[in-house]
Every structure is written in structure tokens, then in C-alpha cells.
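Asks: Sending over a structure as C-alpha cells; questions will come in a sec.
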């Protein structure tokens, strides 16, 4: 199930819940994420931008390390 949100909305994803996010507009978007406990996930968001120039093997290792799995 997809949930569309608007500015000011709040969305709770329980631990282990499948989720994703994207911006379908042509305008920039900001979002605030609150992760608890935050420490294990902090490194993911600090390093994910470095994947732009990573190989497929490096990407796979990164996502595996951070328990991130893609589903269709």
C-alpha cells in the first residue's frame, strides 16, 4: 500500500516495516526523519550519497551492511 503525503504530514513506520520514499514533483523537497534508536541508522544516511559513484558490488555490500533490501 502506498501512502501519499503532503507538507506537514506525519507517517509512522513500525520497526521492520517495508517503506520507501520519493519526490514525484519537479520541485525540491525536504523531509525530517526521526529514527529510534537512531545511532545504527545514522551511518546509512551519512554515507548513502557516496553510492553515486560506487560499483554494483559496492552498492550491494553497503545495502546489505545496513539491512536495506529492495522489493518490487
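The values are calculated or read from the model by the stated rules, or taken from the named source; none is laboratory data. Everything numeric here is computed off the predicted structure, so don't read it as measured data. Neighbour counts are summed over all protein chains in view; Cβ atoms, including those assigned to glycine, are modelled from backbone coordinates with ideal geometry.
Here's the yes/no breakdown for (1) more than 26 Å from residue 4 (Cβ to Cβ); (2) surrounded by 10 or more Cβ atoms within 10 Å (Cβ to Cβ):
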residue	(1), (2)
20	no, no
27	no, no
37	yes, no
60	yes, yes
64	yes, yes
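Asks: Does residue 1 meet the test of being under 15 Å from the mean Cα position of the chain (by Cα) and either more than 16 Å from residue 69 (Cβ to Cβ) or in a loop (DSSP other than H, G, I, E, B) (or both)?
Replies: Judged against the criteria, residue 1 is not a match.
Asks: From the set of residues in region 4-18 that are at pLDDT below 90 and exposed (fewer than 10 other Cβ atoms within 10 Å of the Cβ), which is nearest to residue 70 (Cα to Cα)?
Replies: 18
Asks: Given the structure, is residue 68 part of a loop (DSSP other than H, G, I, E, B), in contact with a helix residue (DSSP H, G or I) (Cβ under 8 Å, 6 or more places away or on another chain) and under 24 Å from residue 3 (Cα atoms)?
Replies: Against the criterion (part of a loop (DSSP other than H, G, I, E, B), in contact with a helix residue (DSSP H, G or I) (Cβ under 8 Å, 6 or more places away or on another chain) and under 24 Å from residue 3 (Cα atoms)), residue 68 qualifies.
Asks: Among the residues of region 40-70, what is the count of those that are without any contact (Cβ under 8 Å) to a residue 12 or more places away in the chain and closer than 17 Å to residue 14 by Cα?
Replies: 3
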